[in-house]
1. What number goes with the only condition from (1) closer than 21 Å to residue 6 by Cβ; (2) buried (at least 22 other Cβ atoms within 10 Å of the Cβ); (3) away from the ligand (no atom under 16 Å from the Cβ) that residue 202 does not pass?
2. Go through 97, 42, 89 for me and flag whichever is touching a strand residue (DSSP E or B) at 6+ places or on another chain (Cβ under 8 Å) and either closer than 17 Å to residue 119 by Cα or exposed (fewer than 13 other Cβ atoms within 10 Å of the Cβ) (or both).
3. Quick one: which of 210, 184, 142 is touching a strand residue (DSSP E or B) at 6+ places or on another chain (Cβ under 8 Å) and on the phi < 0 side of the Ramachandran plot?
4. When you look at residue 113, is it more than 18 Å from the chain's Cα centre (by Cα), in contact (Cβ under 8 Å) with a residue 12 or more places away in the chain and assigned to a helix (DSSP H, G or I), yes or no?
5. Are any residues in the range 211-236 exposed (fewer than 13 other Cβ atoms within 10 Å of the Cβ) and within 15 Å of residue 183 (Cβ to Cβ), and if so, which ones?
6. Write out, first by first residue and then by second, each pair whose Cβ atoms fall under 9 Å of each other, whose residues are 6+ apart or on separate chains, and whose first residue, in the range 1-22, is touching a residue at least 40 places away in the same chain (Cβ under 8 Å) and over 16 Å from residue 207 (Cβ atoms) while the second is within 10 Å of the ligand (Cβ to nearest atom) and part of a loop (DSSP other than H, G, I, E, B).
7. Could you check the range 118-160 and list, in sequence order, the residues that are more than 30 Å from residue 88 (Cβ to Cβ) and in a loop (DSSP other than H, G, I, E, B)?
8. Looking only at strands (runs of 3 or more DSSP E) that lie completely in the range 1-101, which have at least 2 residues being out of contact with any helix residue (DSSP H, G or I) (no Cβ under 8 Å at 6 or more places or on another chain) and near the ligand (Cβ under 10 Å from one of its atoms)?
Ligand code: FPP
C-alpha cells in the first residue's frame, strides 16, 4: 500500500508492452505472453483503483497492431472477448467504470456488442474510470476531432476563430477527462508510440526495463514515487 504522504496521480496511462518478449524469454508462443499480459492487466487495474487512481488509461491495441500475423491478431481478439466477459462479472463489484477509446467499428460485431455492454453496465459506477485504448491511435484521434470541428463549421454552427484548446480537447475520445499526469512504459522501449498525443503535452514519463507481464503493483508505486520526486512546472519556472 502507498505511503499516506504519497501524492497519487489523478490520471495514469500505461503502455502495456513486452508480452512478446516475455513469451520468448519463457520459450512460449507469443499468445501466451498476451495471456500473461491480460492477467496482469486485471491485477494492475484493481490495484490502481484500490490506491485511489481516478483515471487509468491502458493501451491494449493500436491502429498499427492489425499488421501483426493473422493468428496473433485472432488470439488477441479472443483474449479481449474473454476478458470483457469476465469484466462484466468481476469489475462490477469493484466500482470501476469502463470506457473504450479508439475506433471500435473495425472490430467484429460480437466484440463491439461486448464493449457496448461493458460500458453500459459499468456506467453508474463511481470509482476509477478505466479507459481501454483499443484500435486507438493518437493521430487518428486528433484527425477525428478536427473533422468533427470542421463539420460544425461547414454546418454554420461554429466559426473557425472560436476553436480553443479546451473545445478541441472535448472532441477527443477522452473529452471531459483530465490529461494524464503520468505515463508509464514498461519493457525498455522509450517512445510514445502514438499514445495520447494531444493529452500528453505536460505528462511525466517513466520508463521501466520490466516486461509488462512482470510489472507488479510495487512497480506502479515505484513509478508514482518517481513522479512525486519530479517538479512539474507546466512551462512556468
Ligand atoms: C504489446 O506487447 C502488447 C500488445 C500489443 C497487446 C496488449 C494486450 C494485452 C496486455 C492483453 C490484454 C488486454 C485486455 C484489455 C484484456 P508486444 O506484443 O508488442 O510485446 P513485444 O514488443 O515484446 O513483442
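1. Every listed condition holds for residue 202 apart from (2).
2. 97
3. Details: 210 fails: touching a strand residue (DSSP E or B) at 6+ places or on another chain (Cβ under 8 Å); 142 fails: touching a strand residue (DSSP E or B) at 6+ places or on another chain (Cβ under 8 Å).
After applying the criteria, what remains is 184.
4. Details: more than 18 Å from the chain's Cα centre (by Cα): yes; in contact (Cβ under 8 Å) with a residue 12 or more places away in the chain: no; assigned to a helix (DSSP H, G or I): yes.
When the stated conditions are applied, residue 113 does not pass them.
5. Taking the range 211-236 and keeping what is exposed (fewer than 13 other Cβ atoms within 10 Å of the Cβ), we get 218, 229-236.
Matches in the range 211-236: 230, 232.
6. Listed by first residue and then by second, the contacts come to 19/187; 19/211; 22/187; 22/211.
7. Answer for the range 118-160, where residues must be more than 30 Å from residue 88 (Cβ to Cβ) and in a loop (DSSP other than H, G, I, E, B): 155, 156, 157, 158, 159.
8. Numbers: elements: 11-15, 55-62, 97-101.
Fully inside the range 1-101 and qualifying: 55-62.
The values are calculated or read from the model by the stated rules, or taken from the named source; none is laboratory data. Quick caveat: nothing in here was measured; it's all calculated off a predicted structure. Neighbour counts run over all protein chains shown; Cβ positions are idealised from the backbone, glycine included.
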